Amino acid sequence: MRRKLAALCILAVAACLRGTVYAQVDLFSLEAAYIFNFTAFTEWPSTRAASTSLMICAGKGEIGAALAKLEGRPVATRTWHLRTLSDGANPAGCDVLVIDGSLAVSSVIKSALSADSPLLVVRTPDAPEGPGVVLLVRQGDQLRFDIDNSEAARRHLGLSSKLLRLAR
């Protein structure tokens, strides 16, 4: 009888002390997942879309490491590939350029940003100011994004209406 009573007391105390456990999400993995989904809802011009590779270019920071984990995944009819850009590297051939605090915005990258080539430019919250199609924004503990549709049009990129509805 004492054992049963002791077991019931332990269960009652455990039930009272039970709290909610929150899973900790890796912010960079979440940003990478957002970027992956942006590519799925972007339409490139036929000359770019004909390629079987979807070339993602990013710096050597933590977002680059998170994007590398998606290597080889299918995105529509293309395959995700990451190219790590070192300082001063030319982003020619990139379909997506991810700009974060680790990527030095060299004159070569500035030139690519000013061109009207079909390049989906994504800026993370710690990126320096500048043009971009998608800007990731942290609002408290949530990750949101803004879209510059005129910048997408200038770059000859089509963005899904579903993606546009989800933007801030």
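The values are calculated or read from the model by the stated rules, or taken from the named source; none is laboratory data. Everything numeric here is computed off the predicted structure, so don't read it as measured data. Reconstructed Cβ throughout: ideal geometry from the backbone, glycine too, with neighbour counts over all protein chains shown. Heads up: the accessible areas ignore ligands, DNA and RNA and are worked out on the full protein's heavy atoms, side chains in. Shrake-Rupley method; radii C 1.70, N 1.55, O 1.52, S 1.80 Å.
Just a few scattered comments:
- So residue 82, is it in contact with a strand residue (DSSP E or B) (Cβ under 8 Å, 6 or more places away or on another chain), open to solvent by 10 Å² or more (accessible area, probe 1.4 Å), at negative phi and not in a loop (DSSP other than H, G, I, E, B): yes
- Extreme residue, modelled with the lowest pLDDT, among residues of the range 26-36 that are in contact with a strand residue (DSSP E or B) (Cβ under 9 Å, 6 or more places away or on another chain) and either open to solvent by 50 Å² or more (accessible area, probe 1.4 Å) or more than 17 Å from residue 59 (Cα to Cα) (or both): 27
- The single residue among 110, 162 that is over 18 Å from residue 55 (Cβ atoms), open to solvent by 40 Å² or more (accessible area, probe 1.4 Å) and touching a residue at least 60 places away in the same chain (Cβ under 8 Å) turns out to be 162.
- Every pair of residues 6+ apart whose Cβ atoms lie under 7 Å, when the first sits in the range 30-45 and is over 13 Å from residue 121 (Cα atoms) while the second is open to solvent by less than 50 Å² (accessible area, probe 1.4 Å) and small (Gly, Ala, Ser): 31/66; 32/66; 41/160; 43/158
For every residue, the table says whether it meets (1) modelled with pLDDT under 90; (2) among the β-branched types (Val, Ile, Thr); (3) closer than 22 Å to residue 107 by Cα.
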| site | (1), (2), (3) |
| --- | --- |
| 55 | no, no, yes |
| 58 | no, no, yes |
| 65 | no, no, no |
| 70 | no, no, no |
| 75 | no, yes, no |
| 80 | no, no, no |
| 83 | no, no, yes |
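- Unique residue being assigned to a loop (DSSP other than H, G, I, E, B), modelled with pLDDT under 90 and over 13 Å from the mean Cα position of the chain (by Cα) when the list is 23, 7: 23
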